[in-house]
Amino acid sequence: MENFLFELYERDLLKFKEEISSFKNEDHIWEVKPGVTNSAGNLALHLLGNLNHFIGAQVANTGYIRQRDLEFAPESRVSQEMLIAEIEKAITVVTLALKGLSQEELNKLYPLEMFGKHSTQYYLIFFHSHLTYHLGQINYLRRILEG
C-alpha cells in the first residue's frame, strides 16, 4: 500500500504545483468571480495548511502549527513564487512521510480523531480526496479566469 499512496500523492502534488505555476497573470490567483467564495490562492494556502498539519505534523512529526483562519484571510496573499516554494516544501514533507511508512504504521490508528477512530491509511486516503477536490477547483478557476 505504501507505493500506492506515495504515487498518488506525488502525482497530484506535482499537478498542484503545475496548476499554480500555470497562472499567467499572478493577480488571477487571488481573484474570485461572483458566486465563488475562495480564490485559487486561498485554496492553495488551505491545501498547504491541511497537508502540513495532517501529514507533516501528525505523521512525520514536523512540529508544524496550523493557522487555518489565515488560509482564507485576504491579508494572507503571497506571491506566485512563494506559493510554488511552499508547495515544493510540502511535496518534500509529504513524500518523505509516505515513503517511510510501513504497512504496520498505515494500519495504526491515526493520532487525531475527526470522523471516528480510523487507521492512518484511511485518513491518508481521505486527505488525498481533499487534495484532489480542491485541485479540481483550482484548475477550474484558472481556466475561467484566464480563458
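Just so you know, all these numbers are worked out from the coordinates, no wet-lab data involved. Small disclaimer: the values here were computed from a predicted structure and weren't measured. All Cβ positions, glycine included, derive from the backbone under ideal geometry; neighbour counts span all protein chains shown.
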Straight-line reach check, Lys33, cutoff 15 Å on alpha carbons, 8 or more apart in-chain or any other chain, hits among aspartates and glutamates -> Glu146
Through the Karplus equation 6.51 cos²θ - 1.76 cosθ + 1.60, θ set to phi - 60°, convert the phi angles of segment 38-49 into ³J(HN,Hα) values in whole Hz; use x for Gly and Pro. 10, 7, 4, x, 5, 5, 5, 4, 5, 4, 4, x
Contact order normalised by residue count of segment 2-146, Cα under 8 Å, 6+ apart, percent: 36 percent
5 Å is the cut-off here: which amide hydrogens, built 1.01 Å from N in the peptide plane, fall below it relative to Ser119, excluding neighbours closer than 5 in sequence? Tyr110
Are any of the pairs Lys89/Lys117; Lys15/Lys108; Lys15/Lys99 more than 24 Å apart by Cα-Cα distance, and if so, which? Lys89/Lys117; Lys15/Lys108
Place a point 7 Å from Cα of Glu88 in the direction of its Cβ. Which residues in segment 13-52 have their backbone N less than 13 Å from it? 17-18, 21
How many times 2.2 N^0.38 Å is the alpha carbon radius of gyration of the chain? 1.05
For segment 10-19, take each phi angle, set θ = phi - 60°, evaluate the Karplus expression 6.51 cos²θ - 1.76 cosθ + 1.60, and give the result in whole Hz per residue in order, putting x for glycine and proline. 4, 4, 7, 5, 5, 5, 4, 4, 4, 4
Rounded to whole Hz and in sequence order, give me ³J(HN,Hα) for segment 64-72 from the Karplus expression 6.51 cos²θ - 1.76 cosθ + 1.60, θ = phi - 60°, writing x for Gly and Pro. 4, 10, 7, 10, 4, 4, 5, 5, 10
